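The values are calculated or read from the model by the stated rules, or taken from the named source; none is laboratory data. As the structure is a prediction and not an experimental result, all values here were calculated from the model. Glycine gets a Cβ as well: all are built from the backbone with ideal geometry, and neighbour counts include every protein chain shown.
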Amino acid sequence: MGSTRDIGIDVIDGTGAIGEIGDDAVDSAAIEDGAIVNADVNSAAAIAHTKLAAVADGKVIVGNGSNVPVAVAISGDVTLANTGAVTIAAGAVDNAMLSSPKIGVAQETVLATALVDGTGATGTHTFTATIPAGAIVTQSTISALTGFAGDTSATVQIGDGSTADRYNTSTPNVFTTAAHISAGAVSGTAYDLAAITPVVTVTSDSDITSVITDANGSMVITIFYYTV
């Protein structure tokens, strides 16, 4: 026997008759639209996901400006696959987002034509980038080198404007074209309380003017450091 309830029938004895509804007798059409509310759903109902409205491939449910749940695609610096895997876009994480210690670089393209003629064998180039105060320099590299020709030799030093080779060891040869050459370990003080603007010094055999005039030399100097 199913459960009982009052039903709308004619009153017979002044108290109303009690009718009985059989199991599975009430279908969707018999329920008033909008009558079912959240409180009517058992907290242990565990409604299957397949019975919810379809969500397009790779989208998630987000409340919109009208507080209505809608299916949207994840966008911006990350993408979401339908497997749940999240991919961060290339270049989306910058140094400010990293916890300490933070890794940084000061990088500059040095052109022969941009060297400041030191009247003699040396020419200099001052970085536009700086090494921040409190940074600890770990290494310098030279890449994308097109030989600084025009004289019979050319070497480079990477310093701070006072100590010519503070951020490298010895005098790497930059006369010959190469994809990459080592600048050696830091030979001077790696740490400084003040911000530093690096200075690159190119030294030719006898006359830097001939190297500048030749106009072919170029290289990318990268100084690696970290801050705490």
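Scanning region 23-68 for residues that are of a type outside the set (Gly, Ala, Ser), in contact with a strand residue (DSSP E or B) (Cβ under 8 Å, 6 or more places away or on another chain) and either farther than 30 Å from ALA85 by Cα or surrounded by 10 or more Cβ atoms within 10 Å (Cβ to Cβ) (or both) yields a total of 5. With respect to the stated conditions, LEU145 is under 13 Å from ILE221 (Cα atoms) and surrounded by 20 or more Cβ atoms within 10 Å (Cβ to Cβ). On inspection, THR227 does not qualify as out of contact with any Lys or Arg (no Cβ under 8 Å at 6 or more places or on another chain), surrounded by fewer than 17 Cβ atoms within 10 Å (Cβ to Cβ) and more than 14 Å from THR124 (Cβ to Cβ). The set of residues from region 130-158 being touching a Pro at 6+ places or on another chain (Cβ under 7 Å) and closer than 24 Å to ASP214 by Cβ comprises ILE142, THR155, VAL156, ILE158. Quick one: in region 148-169, which of the residues that are free of Cβ contacts under 8 Å to residues at least 40 places away in the same chain and not aliphatic (A, V, I, L, M) is surrounded by the most Cβ atoms within 10 Å (Cβ to Cβ)? Among those residues, the one meeting the criterion is ASN168.
Okay, residues lined up against (1) farther than 22 Å from TYR225 by Cβ; (2) of a type in the set (A, V, I, L, M):
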position: PRO101; (1), (2): no, no
position: ALA114; (1), (2): yes, yes
position: PHE127; (1), (2): no, no
position: ASP151; (1), (2): yes, no
position: PRO172; (1), (2): no, no
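Only one of the numbered conditions (1) in a strand (DSSP E or B); (2) over 26 Å from ALA190 (Cα atoms) is violated by THR155, and that is (2). Against the test of being part of a strand (DSSP E or B) and assigned by TED's automatic domain parsing to the domain that holds GLY217, the options THR113, THR138 yield a single qualifying residue, THR138.
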